[in-house]
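A.B. asks: Before we start, here is the structure in question, set down as structure tokens.
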Amino acid sequence: MGKAKKDIDDRFKKFGTVGFTATTKVNDFVTHLEEGKVTGTRCKNCGKSYFPPRADCSRCLNSEMEWFPVEGNGKLVTFSRLSFGPAGFKEDIPYTIAVVDYGDYKVFGRIADGIDEGELSVGMEMTTRANRLPNGQLNYVFEKA
Amino acid sequence: MKKAAIIGVGQSTFVRSYPGSIRELAFEGFKEAMKDAGLTSDQIDASVVCSAPEYDKQRSPAGVFAEYLGLNPGPTFYVETLCSSSSTGLRLAYSLVASGLHETVAVIGFQKMSEISSAESQERMGRGADIQWESPFGTMMPAYYAMYARGHMEAYGTSLEDLAAIRVKAATYGQLNDRAVYRKPVTADMFNDPENMMSNPVASPLRVGDCCANADGSSCIIVASAEKAKAVCDKPVWILGLGAASAPVNLAGRDVFNGLDVARRAADQAYRMAGVGPKDIDVAEVHDCFTIAEMMAYEDLGFAERGQGKELIRAKATYQDGEIPVNIDGGLLSKGHPIGATGGSQIRTIVLQLRGEAGQIQVKNPRIGLVHNIGGVGLYGNVTILGI
Ligand SMILES: [Zn+2]
């Protein structure tokens, strides 16, 4: 077997119904999801907030970042309900993807299951919460505020 | 000012499933362009091969094509910007020629999407987005453009009927295009008939009829220096303006959801370089992978004010005899969308129009044409202005 396999921090593979990325410097994001928190990163040098979280600030080229919680209300910018899904997502159909604007940053994600498309309208207030998927994976979803 | 011209254009027939290998597919577009230019392979100094690599089983297709097309020992290389790969190829060919590095360059676009299953293909299209942060949610191209459709409808009151009207226009001309995949008529009523496939939901608010189909195809554009073009070509079509831009891949990084920032920026650059404006464009090809994409292009290119794109289609101003004919070869909605070949096919249509060789779809005495070719969901934008 591959040497030092256990030393590889591949927590990120737990993110999403199907994950396409295993290793990233922002693996703590997944641990935060496990703890019920959705988090972004903020540059310790220039203060720029990033969501999705990043390990590096492209504005000032600093790599010292701190975590901040995505909390409170954002506004629903746009959304779409999928009647077809890519390979690996058929079980989830139908589901709704959306963008929510928090002012300093926006969040791309899914609307919580059980919210009908008819209940959604652009501009409405939404919250973001960590979510465990039926297959044991983790993601985050938007709910009506 | 005039540094490079297009002296030959070609494309294969676009089909659902091409019964041959990728080198044979590439040969079809290449052969037509070379015959059109009246050149033989030894007169091509360099080649640029354009596709989206996730559909290819062949690693590094440029090398394989160079041999099959008789382009050895000239240099060849590969470029990709998803669906706008061959417009990017044209931009590179222009640079190679304008710099004096090469005299005659072939831009070869191709895609054989049928090498993989439709589900696999959809998964790969989803991976044209951000695989770390978006794809884990189960994203697909139609859903991304659907989010722009929602944004446009919300901001400007654009209706589903307006979007359907764009498909009806595409089909009007698709029926005339023997290179197109989809050649049947489409009516607005089909979108209201639950029994009709066109009305089936894909990603709300978009329906099957709002989406183009995958296809296999190839295209080829021969670019030459001004000197060479004047020497070998009766009707050179000049590359007057080029614009290109990129945007954040993750939609969370975007500010506007009713138009494409990359298209607006690329158009500004291309208009400035060409010294013309939207009113000067006589005929255009825009990237209508989805009906909403054409609607946004009307506005992003300045053919209509922001929010007024719907008035253009309602007035049929983008039909053949309208004020600004758009996609009167049927567009991607009719032709199909073989990713890497698409831009070359759009360029070919405009070149034929400017030469007066567009047959049934010829517009009256066009002098300046425009090609708008988008990669991903507004990830890459390319606008090219051509003239005679
Ligand atoms: Zn910074």
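The values are calculated or read from the model by the stated rules, or taken from the named source; none is laboratory data. All of these numbers come straight from a predicted model, not from anything done at the bench. In this analysis, Cβ positions are derived from the backbone assuming ideal geometry, glycine residues included, and neighbour counts consider all displayed protein chains. For the accessible areas, the whole protein counts, side chains as well, though only heavy atoms, and no ligand, DNA or RNA atoms are used. Shrake-Rupley method; radii C 1.70, N 1.55, O 1.52, S 1.80 Å.
A.B. asks: Around B:V286, which amide H atoms from residues at least 5 apart in sequence, or from another chain, sit under 5 Å from its own amide H, with H modelled in the peptide plane?
C.D. replies: For B:V286, whose amide H was placed from the backbone, the distant partners under 5 Å are B:N327, B:H372.
A.B. asks: Determine the shielding of peptide A:88-97 by partner chains: average, over its residues, the number of Cβ atoms on other chains within 10 angstrom of each Cβ.
C.D. replies: So the per-residue partner count for this stretch is 4.
A.B. asks: Provide the net charge surrounding B:R348, with neighbours chosen by a C-beta distance below 12 Å and charges set as Lys +1, Arg +1, Asp -1, Glu -1.
C.D. replies: Overall, the nearby charge balance is -2.
A.B. asks: Any idea of the accessible area per residue across region B:95-245, 1.4 Å probe, to the nearest Å²?
C.D. replies: Per residue, region B:95-245 has an accessible area of 34 Å².
A.B. asks: Got a sec to turn the phi values of region B:4-14 into Karplus ³J(HN,Hα) couplings, 6.51 cos²θ - 1.76 cosθ + 1.60 with θ = phi - 60°, whole Hz, x for Gly and Pro?
C.D. replies: 3J(HN,Hα) across region B:4-14, in whole Hz: 8, 9, 9, 10, x, 9, x, 8, 7, 5, 7.
A.B. asks: Over the whole of B:250-259, what's the average partner chain Cβ count within 10 Å per residue? Rounded to a whole number, please. Mind dumping the intermediate values first?
C.D. replies: Numbers: counts 6, 8, 14, 6, 5, 3, 0, 5, 1, 0.
Rounded to a whole number, the mean comes out at 5.
A.B. asks: With θ set to phi - 60° and the Karplus curve 6.51 cos²θ - 1.76 cosθ + 1.60, what are the ³J(HN,Hα) couplings of region B:100-110 in order, to the nearest whole Hz, using x for Gly and Pro?
C.D. replies: So the Karplus estimates, Gly and Pro as x, are x, 5, 9, 9, 9, 10, 9, 9, 10, x, 7 Hz.
A.B. asks: Provide the buried accessible surface between chains A and B in square angstrom, both chains summed, 1.4 Å probe, rounded to the nearest 100. List each step's numbers first, then the result.
C.D. replies: Numbers: alone 8630 and 14820 Å², together 20550 Å².
So the total buried area for this chain pair works out to about 2900 Å².
A.B. asks: Still on this structure, I have one more. Amide H to amide H under 5 Å from B:L240: which residues, 5+ apart in sequence or cross-chain, H placed 1.01 Å off N in plane?
C.D. replies: Answer set, sorted by chain and number: B:I385, B:L386, B:G387.
A.B. asks: Further question: How much accessible area does A:M65 have with a 1.4 Å probe, in Å² rounded to the nearest 10?
C.D. replies: Roll a 1.4 Å probe over it and A:M65 shows about 40 Å².
A.B. asks: Please give the Cα centre distance for region A:77-97 versus region A:11-43, rounded to the nearest Å.
C.D. replies: 21
A.B. asks: Got a sec? What order do B:K310, A:K48, A:K13 fall in by accessible area at 1.4 Å, biggest, i.e. largest, first? Write down the numbers at each step before the final one.
C.D. replies: Details: B:K310 20, A:K48 70, A:K13 105 Å².
Sorted descending by solvent-accessible area, the residues read A:K13, A:K48, B:K310.
A.B. asks: Follow-up. B:K31 versus A:D7, label points 7 Å from Cα toward the beta carbon: distance in nm?
C.D. replies: Placing both labels 7 Å beyond Cα along the Cβ direction yields 5.7 nm.
A.B. asks: Next up: How much accessible area does B:E311 have with a 1.4 Å probe, in Å² rounded to the nearest 10?
C.D. replies: 80
A.B. asks: Could I ask something else about it? What nm value, rounded to one decimal, do you get for the distance between A:K75 and A:T31 when each label is placed 7 Å out toward the C-beta?
C.D. replies: So the two model labels end up 3.6 nm from each other.
A.B. asks: Counting partner chain Cβ atoms within 10 Å of every residue's Cβ in B:142-152, what's the average?
C.D. replies: Whole-number average of other-chain Cβ neighbours for B:142-152 is 5.
A.B. asks: Please list 3J(HN,Hα) in residue order for region A:11-19, calculated via the Karplus relation 6.51 cos²θ - 1.76 cosθ + 1.60 where θ = phi - 60°; whole Hz, with x for glycine and proline.
C.D. replies: Once rounded to whole Hz, the list reads 4, 5, 5, 7, 8, x, 3, 10, x.
A.B. asks: Starting from the Cα gyration tensor of the protein assembly as shown, take the square roots of the eigenvalues, sort them a ≥ b ≥ c, and report rounded, prolate or oblate (rounded when a/c is under 1.5, otherwise prolate if a/b is larger than b/c, else oblate).
C.D. replies: Prolate is the answer for the protein assembly as shown, as a/c is 1.5 or above and a/b outweighs b/c.
A.B. asks: Taking the Cα atoms of chain B, what is the range of coordinates along each of the three principal axes, in descending order and whole Å?
C.D. replies: 55, 43, 39
A.B. asks: Could you list, by residue number, the cysteines of the protein assembly as shown that have no other cysteine's beta carbon within less than 4.7 Å of their beta carbon?
C.D. replies: B:C50, B:C83, B:C211, B:C212, B:C220, B:C233, B:C289
A.B. asks: Then there's this: Taking all protein chains in place and a 1.4 Å probe, what share, in percent, of the accessible surface of chain A do carbon and sulfur account for? Intermediate values should be presented prior to the final figure.
C.D. replies: Working: 3410 of 7260 Å².
The computed percentage sits at 47.
A.B. asks: Does region B:1-90 classify as rounded, prolate or oblate by the C-alpha gyration tensor (a ≥ b ≥ c root eigenvalues; a/c under 1.5 gives rounded; else a/b over b/c gives prolate, otherwise oblate)?
C.D. replies: Verdict is rounded for region B:1-90.
A.B. asks: If you take the beta carbon distance between B:R59 and A:A145 as r and set R0 to 51 Å, what does 1/(1 + (r/R0)^6) give as a FRET efficiency, to the nearest 0.05?
C.D. replies: 0.55
A.B. asks: Here is a follow-up. Measure off 7 Å from each Cα along the Cα-to-Cβ vector at B:S117 and B:D42, then give the distance between these two points in nanometres to one decimal.
C.D. replies: 4.9
A.B. asks: Within region A:51-145, which trypsin sites (Lys or Arg not before Pro) sit in a loop by DSSP and count at most 16 neighbouring Cβ atoms inside 10 Å?
C.D. replies: Filter output for region A:51-145: A:R59.
A.B. asks: Go through A:H32, B:H152 and list them by solvent-accessible area, largest first, probe radius 1.4 Å.
C.D. replies: Per-residue accessible area, sorted high to low, gives A:H32, B:H152.
A.B. asks: Does region B:99-205 come out rounded, prolate or oblate by the C-alpha gyration tensor, with a ≥ b ≥ c the root eigenvalues, rounded set by a/c under 1.5 and, if not, prolate when a/b is larger than b/c and oblate if not?
C.D. replies: Verdict is oblate for region B:99-205.
A.B. asks: I'd like the distance between the alpha-carbon centres of region B:369-388 and region B:76-91, rounded to an integer number of Å.
C.D. replies: Measuring centre to centre over Cα atoms gives 12 Å.
A.B. asks: If r is the Cβ-Cβ distance from B:D178 to A:S121 and R0 is 45 Å, what FRET efficiency results, to the nearest 0.05?
C.D. replies: After rounding to 0.05, the efficiency reads 0.50.
A.B. asks: At 1.4 Å probe radius, can you tell me the per residue accessible area of region A:11-69 in Å²?
C.D. replies: Value for region A:11-69: 49 Å² per residue.
A.B. asks: Could I ask something else about it? Order these peptides, B:317-330, B:192-205, B:272-285, by their mean beta-carbon neighbour count within 10 angstrom, highest first.
C.D. replies: B:317-330, B:272-285, B:192-205
A.B. asks: Same structure, new question: Hey, can you grab everything whose amide H is under 5 Å from the amide H of B:A215? Only 5+ residues off in sequence or another chain; H modelled, so Pro and N-termini drop out.
C.D. replies: Answer set, sorted by chain and number: B:M113, B:H337, B:I339.
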